[in-house]
Amino acid sequence: MKTNIPAQLKIVQNRINLACQKSGRRPEEVKLLLATKTVEPERIKIAFDAGYTLIAENKIQELKDKFEELKESEHVSHFIGHLQSNKIKELLRYEVTCLESLDRLSLAEKLQKRLEFEDKHLDVFIQVNTSGEESKFGVHPDQAIDLIQAVSRLDRLHIKGLMTIGLFSSEAEKVRLCFQLLKKLQEQIIAAQIPGVEMKDLSMGMSGDLEIAIEEGATIVRVGTAVFGERIYPDTYYWNENSKEED
Ligand SMILES: *Cc1c(COP(=O)(O)O)cnc(C)c1O
């Protein structure tokens, strides 16, 4: 049986609301972003109809495949996967408004060049590896401020916040440490008062750990399976590409 998307959205929204209540936050402070990898356009549109129009893909190929079918429906498109620099043109062509996974200066510099050429601007989050797991992308927490300083000098890129993938663990307190680390980094960056850098958003928390992330300050939770059902590919297919390209 296919997942009942509107029913699942209600369940997830309730989880968000409860986590907000528990931590003295307002539900409007937390946006539900739908991680739509492997989800067909017709099913994504069901979520749009239910009022959830913030989506994100991990791979440029999927972004491209779904673009035509989704473009008539009003929505906002982020990108949350590892971006290879030879895919920058496509990222812009398919109208991604925020790259949540910026994790290296070389990529930022290439984005800046292309954005200048097209006379466009792009919102970005800096992805931080808070779990210490080798397989996940993201800048090391100790290097995040330096990267942000450097990216802040690129006038076509607008830093809006931080993103992380928490540790995969059934031990909630270990997962919580990842989110606390991201929050602490956010506070340090705000204190550093870097010109042009906004730090409003913390994109953290997924189907399994969104409550913890909200308790620790998430403003965006990225949810896939809890809304659309299990995926056929393991997440390592998306996160564990053989070579970490250092371009
Ligand atoms: C797939 C994915 C998610 C959502 O994961 P679920 O466990 O399905 O909710 C969130 N963030 C990133 C970067 C993802 O690739």
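A short reminder: the numbers here are calculations on the coordinates, not readings from a lab. If you're wondering where the values come from, they're calculated on a predicted model, not measured in any experiment. With ideal geometry, Cβ positions are generated from the backbone for all residues, glycine too; neighbour counts draw on all protein chains shown.
In order along the stretch 157-163, the Karplus-derived 3J(HN,Hα) couplings, from 6.51 cos²θ - 1.76 cosθ + 1.60 at θ = phi - 60°, round to 9, 10, 6, 10, x, 10, 10 Hz, and Gly and Pro are given as x. Distance cut-off 19 Å, Cα to Cα: go down the list K89/K110; K66/K87; K37/K183 and report the pairs above it. Beyond 19 Å: K37/K183.
Applying the Karplus relation 6.51 cos²θ - 1.76 cosθ + 1.60 with θ = phi - 60° to the stretch 56-67 yields 3J(HN,Hα) values of 8, 9, 9, 10, 4, 4, 5, 4, 5, 4, 9, 4 Hz, where x marks Gly and Pro. Sorting 59-71, 76-88 by their mean Cβ neighbour count within 10 Å, with the most densely packed peptide first, gives 76-88, 59-71.
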